[in-house]
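To start, the structure itself, in structure tokens.
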Amino acid sequence: MKKLNNKGMTIVEILVCFVLVALITVSVYSAISSFNNKRNIESYKEKIYTYKNTLTKLIQDDLVKNGLISAKYDPPSDLSNEIYTVTLGFRDGTSKKLIVTRQLARDYDESVAAKEDCGDSCTKVNDSFMINYDGIDYSIPDLGEYENEVGEVVKDLRINNIDIDASGNVLSIYIGFYHPDLSTRYAISIVCPINYY
């Protein structure tokens with residue numbers, strides 16, 4: 001009669017199995033994490049594209065269909081809470097306002113210096129961005145936020161520059177967006193002649 005070898009697994013064989021399983025788990029987790037990051041970035045881009053395209057189309061449709069005959073631009077008077085206003089007059093006698101509001105949290109060095117100067121009695125300045133067209137608020141997409149060293153909320157997606165000009169016979173609107181994780185800059189960019197037949 002033949003004897004069977006019933007030794008079982010050695011400790012070395014068990015350790016090798018655990019190491020192999022751990023390596024496979026780490027590589028799968030890394031691949032899934034990389035895929036999720038790419039998916040999040042594509043989702044962010046889609047939200048920004050949808051937002052800017054919707055607002056651009058809405059404003060351009062009014063400018064083209066209703067016929068822009070006048071544009072009055074009021075630049076911000078307070079640079080800590082910037083409010084840009086453009087009043088648009090149309091051929092049918094109606095008028096609409098485009099209001100862009102931008103309030104930026106102070107940058108790190110300025111915030112720390114301000115906190116040292118006034119202690120805990122400092123007023124926090126959180127990021128706040130809004131575009132209002134014809135009385136309707138269009139909040140920029142919320143793509144995350146963090147707190148700076150003094151507890152102010154800083155948004156990941158920001159309106160980083162606004163350039164509006166209604167001089168001469170041309171209305172030019174540029175509202176630029178910036179997100180640190182996205183390589184491209186995005187903007188609502190509209191150029192329209194004023195009182196053109």
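Each value in this text was obtained by applying a stated rule to the coordinates, not by laboratory testing. Values in this document were obtained by computation on a predicted structure and should not be read as measured data. Please note: Cβ atoms are built from the backbone with ideal geometry, for glycine as well, and neighbour counts cover all protein chains shown.
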Pull out all pairs, ordered by first then second residue, where Cβ-Cβ is under 9 Å, the residues are six or more apart or on different chains, the first lies in the range 53-76 and is within 14 Å of Val100 (Cβ to Cβ), and the second is of a type in the set (S, T, N, Q) and surrounded by fewer than 13 Cβ atoms within 10 Å (Cβ to Cβ). Tyr73/Ser167
Selection within the range 173-197 - over 17 Å from the mean Cα position of the chain (by Cα) and more than 18 Å from Ile131 (Cβ to Cβ): Pro193, Ile194, Asn195, Tyr196, Tyr197
Of all residues being hydroxyl-bearing (Ser, Thr, Tyr), within 21 Å of Tyr73 (Cα to Cα) and part of a strand (DSSP E or B) in the range 134-172, which is nearest to the chain's Cα centre (by Cα)? Just the residue, please. Tyr138
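If you take the residues of the range 44-77 that are small (Gly, Ala, Ser) and surrounded by 11 or more Cβ atoms within 10 Å (Cβ to Cβ), which of them is farthest from Asp163 (Cα to Cα)? Step through it out loud before you land on a result.
Restricting attention to the range 44-77, the residues satisfying the condition of being small (Gly, Ala, Ser) are 67, 70-71, 77.
Now restrict to residues that are surrounded by 11 or more Cβ atoms within 10 Å (Cβ to Cβ): 67, 70-71.
Numbers: Gly67: 22, Ser70: 18, Ala71: 14 Å.
Ranking the candidates gives Gly67 first.
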Within the range 47-78, the residues that are touching a Pro at 6+ places or on another chain (Cβ under 9 Å) and among the polar types (S, T, N, Q) are Thr50
Hey, among the residues in the range 142-193 that are touching a residue at least 40 places away in the same chain (Cβ under 8 Å) and of a type in the set (D, E, K, R), which one's surrounded by the fewest Cβ atoms within 10 Å (Cβ to Cβ)? Glu149
